[in-house]
Every structure is written in C-alpha cells, then in structure tokens.
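Enquirer: Below is a structure I'd like to ask you about.
The values are calculated or read from the model by the stated rules, or taken from the named source; none is laboratory data. Just so it is clear, the model here is predicted, and its values are computed rather than measured. Heads up, the Cβs are rebuilt from the backbone with ideal geometry, glycines too, and the neighbour counts pull from every protein chain shown.
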Amino acid sequence: MEEKDSYKILVVTDIHDDIEKIKILVDKVKDIKFDFVFCCGDAVSVPIDKNDDTEVTKEYILKLKNIFTELEKIGHIYWVPGNHEPGIYFTTNEEPTKDSENLHKKIKKLDDNFYIVGLGGSVPIMTGRKWKHNFVLFKELNLEKDFKYGGYPYNVTPNDFHKSDDLFIKDLNETVDIAKKEGGENIQILYLTHIGPLYTSTNTIVENGEVLYLGSKNFGEKFLKEDNGFIIVHGHSHTAEGYITMKSDRHIFNPGCCCEGHYGILDLKKDKNGKWGVGSCTVAYL
C-alpha cells in the first residue's frame, strides 16, 4: 500500500437492504476523494435465527452483492459482518464483490505501525428497563438477568451475556495478537467492529420507552486499559450516532443507521512523530 500521512474514509453501517439509500449516498459524495470505505455490518437484514439457513440467506447474499457494487463506486470496501449478515461471512473467505475485503478476525496494515483490526457479529442486547429523565446509567442493569435480544454469532444460551462476551473478546484478543506478531507490541490499532463497548452513548438507545444496552463490556475495559487502540468505528445501535472521546487518545465513532439516512466521514492524520490520530470525525445526513 502506498505510504500516506492521511486517510479520508467514508463510513456506513446498518444499511439493512436499503440499496436506494446507498445510491443516494454514492451520488451525494461522488465528488469527494475517499481513500476507501468502511462498512460496519448489517448491510442486509437476515432474520437473527436464520443466519445459517442457506436457503434463506441466498437472497441476502445477492442483496449484499448489489449494495457493495454501488459502494465500490466510491472506493475499496473494508467491512465486517453484522448480526444480520449471512453466516457464511463469518466462516469462509468468500467476498460479496471483487473490491470488498471482509476483516472479521483479520487485520489490515495501513502504515508501518498502524493496523485495522476487524471483528464482526454481536453479543446479546440487555435492557435497563424503563427510561426515566433522572436515569443513572448502569445502576439498574443486571448483566445476569436483564436479557432483551440474542446476538450472533456470540450468543451462549440460555441468554448468558458474560459467556457470550467472553467469546467475543477471545476472538478480538486473538486478532490483536496477529497484528502484534506482525507489527510489534507498539502498533496503533483502529478497531473496525459491528458492536462497540457497553455503557457508552454510542451503544445505548431507547426503544419504545425502554433503555437498551448494545455492546461488549470486555471491549470497553480492554480499550481503556490498552496502549494500542486509538479509535473504535462501529455500528449496530441505530439511533446512537455520534463521536465521543473517552480519554485524550481514545475515540469511538458510530455514524448511525444508513437506512435512516446517516453516514460518516472520518479523517485520520499522521503527525511528524509518525503517530496516527483523528483529524476530524463527522456524522452526516442524506
């Protein structure tokens, strides 16, 4: 890959079969020069219990191909499958199109010490019960009991959030180890994932008056403690779009649901010391 000191990236997620929104998006940004596209999953809408049903997923594989064919007009696609993608994209190297690259449990080197670490899928969604204006985050959430929806493929039954989350972080840690083995212990990491850390504003939504928590508890703890990761780019929580800074050098970006007209533009910059960081991060609308 050509050596660069900046990247401009189009970020989309949670398209959910809406190819018309993608066509509008492609036309809107056609005059902007992007280096590549990130897709954070759920490009299609396979029913959560049918991901591994090959008869059901055939039509969604075709839909995914058509969506990515449109997105490729902008640039090469780095993507991870979401919990509504056909299960084949978690277990094989098959790609929807020739110019897309599935990074589930894989890495991509962008610079000497800069890697994308990818992980798709989701863990169970938990509920914080009814929303109240004076609601204090976390206090009413019991990760042992407050189950709302299952995840895929990280879903240990009967509805065990902790065991599901342990499988997720195991795969994430193993993928990070691949990057460190290649680039060294001091690499910088951009996480391209479908879910983000539990308990953050980009992973918490209100649905029909009920607070839902989407994300991995282990991921958040890892992200705050480690020295490698500097930004998480994720989707999954449709209406929790935004860009937050957890520490001066720890950022999280969720562009929001594309099927509702949201997308993102991420500018990454390398400073004179060779360290990568966020230049700008924009939640945009069609």
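Enquirer: Is there any pair with a first residue in the stretch 258-286 that is closer than 20 Å to residue 17 by Cα and without any contact (Cβ under 8 Å) to a residue 40 or more places away in the chain and a second that is surrounded by fewer than 14 Cβ atoms within 10 Å (Cβ to Cβ) and aromatic (Phe, Trp, Tyr) whose Cβ atoms are under 8 Å apart and which are 6 or more apart or on different chains, and what are they?
Expert: 262/285
Enquirer: Scan the stretch 183-238 for residues that are surrounded by fewer than 16 Cβ atoms within 10 Å (Cβ to Cβ), part of a helix (DSSP H, G or I) and of a type in the set (A, V, I, L, M, F, W, C) and jot them down.
Expert: 224
Enquirer: Moving to a separate point now. Is it true that residue 245 is surrounded by fewer than 19 Cβ atoms within 10 Å (Cβ to Cβ), in a loop (DSSP other than H, G, I, E, B) and free of Cβ contacts under 8 Å to residues at least 60 places away in the same chain?
Expert: No, not satisfied.
Rundown of residues vs (1) modelled with pLDDT of 95 or more; (2) surrounded by 17 or more Cβ atoms within 10 Å (Cβ to Cβ); (3) in contact with a Ser or Thr (Cβ under 8 Å, 6 or more places away or on another chain), yes/no style:
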{"position": "31", "(1), (2), (3)": "yes, no, no"}
{"position": "36", "(1), (2), (3)": "yes, yes, no"}
{"position": "41", "(1), (2), (3)": "yes, yes, yes"}
{"position": "53", "(1), (2), (3)": "yes, no, no"}
{"position": "56", "(1), (2), (3)": "yes, no, no"}
{"position": "105", "(1), (2), (3)": "yes, yes, yes"}
{"position": "115", "(1), (2), (3)": "yes, yes, no"}
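Enquirer: Quick check on the stretch 145-163. Is at least one of its residues in contact (Cβ under 8 Å) with a residue 24 or more places away in the chain, under 30 Å from residue 274 (Cα atoms) and either small (Gly, Ala, Ser) or assigned to a strand (DSSP E or B) (or both)?
Expert: No, the conditions are met nowhere in the stretch 145-163.
Enquirer: Looking at 46, 11, which one is buried (at least 21 other Cβ atoms within 10 Å of the Cβ), under 30 Å from residue 157 (Cβ atoms), β-branched (Val, Ile, Thr) and under 19 Å from the mean Cα position of the chain (by Cα)?
Expert: When all the criteria are applied, what remains is 46.
Enquirer: Sticking with this structure for a sec: Cβ-Cβ distance below 6 Å, separation of 6 or more or different chains: which pairs start in the stretch 30-52 with a residue that is over 15 Å from residue 268 (Cα atoms) and end on one that is of a type in the set (D, E, K, R) and crowded, with 18+ Cβ neighbours inside 10 Å?
Expert: Here the result reads 42/14; 44/17; 44/63; 45/17, each pair linking the stretch 30-52 to a residue that is of a type in the set (D, E, K, R) and crowded, with 18+ Cβ neighbours inside 10 Å.
Enquirer: Moving on. Within the stretch 207-219, is there a residue that is closer than 27 Å to residue 44 by Cα, without any contact (Cβ under 8 Å) to a residue 40 or more places away in the chain and out of contact with any helix residue (DSSP H, G or I) (no Cβ under 6 Å at 6 or more places or on another chain)?
Expert: yes
Enquirer: Whether any residue in the stretch 156-163 is surrounded by fewer than 16 Cβ atoms within 10 Å (Cβ to Cβ), touching a strand residue (DSSP E or B) at 6+ places or on another chain (Cβ under 6 Å), on the phi < 0 side of the Ramachandran plot and modelled with pLDDT under 95 is what I want to check.
Expert: No, the stretch 156-163 contains no residue that is surrounded by fewer than 16 Cβ atoms within 10 Å (Cβ to Cβ), touching a strand residue (DSSP E or B) at 6+ places or on another chain (Cβ under 6 Å), on the phi < 0 side of the Ramachandran plot and modelled with pLDDT under 95.
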